[in-house]
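The values are calculated or read from the model by the stated rules, or taken from the named source; none is laboratory data. Just so you know, these numbers come straight off a predicted model, no measurement behind them. No Cβ is skipped: glycine too gets one built from the backbone with ideal geometry, and neighbour counts run over all protein chains shown. Accessible surface areas use protein heavy atoms only, side chains included; no ligands, DNA or RNA. Shrake-Rupley method; radii C 1.70, N 1.55, O 1.52, S 1.80 Å.
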Amino acid sequence: MKAVLLGVGQAGGKLTTAIAEFDADAGYGAVLDALAVNTAAADLDPLPLETVLVGQSRVNGHGVGGDNELGAEVMDEDAVEVLDALAPKVTAEAEAVFVVAGLGGGTGSGGAPVLVRELNRVYDVPVYAIGILPGRDEGTMYQVNAGRSLKTLVREADATILLDNDAWRSSGESMEGGYEAINASMAKRIGLILAAGEAVEGVGESVVDTSEVINTLRAGGMAAVGFASAPAAEDPEENVTTVTSAVRSAVMTGLSLPNATDADAALVAVAGDPDRISRKGAEKARKWLQEETGSMQVRGGDFPLDSDRIAALVLLAGVERSQRVEAFLERARQAVRDEREEKPDPAAAFDNDEIDDLL
Ligand SMILES: Nc1nc2c(ncn2[C@@H]2O[C@H](COP(=O)(O)OP(=O)(O)OP(=O)(O)O)[C@@H](O)[C@H]2O)c(=O)[nH]1
């Protein structure tokens, strides 16, 4: 899938860079171009991307300090500047635009839903969001911001792919130190989803193509992406279990939103040397995924790769009923309650409708 990426806020810019670099290093060419937007000049400086600094008249390049209402206002005011910078990048080749943001801060949290809405007005191609959920140890403000932002994003975007900052976090590792590893893991998953749609010409009929990725994401709502790989034998007959366990691991331990296995639609791509991929294994894995997700809409195909490993790439869409999302929303609701206790005058914190909505 030929895609243009738009990173919003600090985390958005960093993850966008990681995805663009993964794609370039692997030579897939699925990322057509990328742009980073922020209210903080210092966060844009290190990025090897074209950048747009917004809200200068309001915050003078210093960021919005976690105030996502201000993040949304500023983005509303300066959306035209962002759209103008993005326009030459969204060429006729583009099949989707991805807006990438951390949902717990201010700029990305408030700004991403505004940009998704505006982009959806302008472009016919799908506009997807990639949203980073704060880890459970992050403070109240992050949870509240993410709860609100997620709700709006899910409404505005064609689908919202979620990355939980608690996914793949090894115990004792600091959040800061872990970002690079988390970003790399997520970049690989997103990069492969984009590349999986870039079917390699002339290789087999069962190759996954872009329309299958788009049709899977048509389930809308929230989505998650998983990956796992294992060494493969040369004889495909010996790789039945290799394929099935790679798919299982991608879902059970390799998902960007852990435990989000209750889905409306799924796509499973078995990546590797086409001569090594076990058809029987792929078929079994697909059946297993159908049972595991409770979805009858499980698409499948190959992703030819020159490798002596077999990998599974799984995209799950419509995962909002899953335990993990419920747990996060409960955290966000609790955070709203805590904030309300700290600020007993509800008008000073949020408007009542919004609280009721979230509760
Ligand atoms: N996965 C990941 N999460 C990050 C990274 N940097 C920050 N975060 C998370 O993103 C949230 C904070 O969002 P930021 O992107 O830093 O904030 P911002 O959108 O720039 O907004 P302001 O700084 O308030 O202007 C928190 O939940 C962090 O844990 C990163 O590189 N990777």
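Hey, among the residues in the range 94-108 that are under 17 Å from L35 (Cα atoms) and either in contact with a His (Cβ under 6 Å, 6 or more places away or on another chain) or not hydrophobic (A, V, I, L, M, F, W, C) (or both), which one's farthest from the ligand (Cβ to nearest atom)?
Ranking the candidates gives E95 first.
With the requirement that a residue be open to solvent by 10 Å² or more (accessible area, probe 1.4 Å) and in contact with a Gly (Cβ under 8 Å, 6 or more places away or on another chain), what does the range 93-106 give you?
Hits for the range 93-106 are E95, G102, G105.
What number of residues within the range 120-141 are over 22 Å from G318 (Cα atoms) and either buried (at least 24 other Cβ atoms within 10 Å of the Cβ) or more than 8 Å from the ligand (Cβ to nearest atom) (or both)?
8
In the range 87-137, what count of residues is obtained for those that are closer than 16 Å to E156 by Cβ and touching a residue at least 12 places away in the same chain (Cβ under 8 Å)?
Residues flagged as closer than 16 Å to E156 by Cβ and touching a residue at least 12 places away in the same chain (Cβ under 8 Å) within the range 87-137 amount to 29.
Residue check, L316 against (1) surrounded by 24 or more Cβ atoms within 10 Å (Cβ to Cβ); (2) more than 23 Å from the chain's Cα centre (by Cα), all met but one. Which one?
Condition (2) is where L316 drops out.
Does any residue of the range 75-92 turn out to be surrounded by 24 or more Cβ atoms within 10 Å (Cβ to Cβ) and within 14 Å of the ligand (Cβ to nearest atom)?
Within the range 75-92, one or more residues are surrounded by 24 or more Cβ atoms within 10 Å (Cβ to Cβ) and within 14 Å of the ligand (Cβ to nearest atom).
Taking the residues in the range 214-260 that are in contact with a Gly (Cβ under 8 Å, 6 or more places away or on another chain) and assigned to a loop (DSSP other than H, G, I, E, B) as candidates, determine which candidate is most open to solvent (accessible area, probe 1.4 Å).
It comes out as A219.
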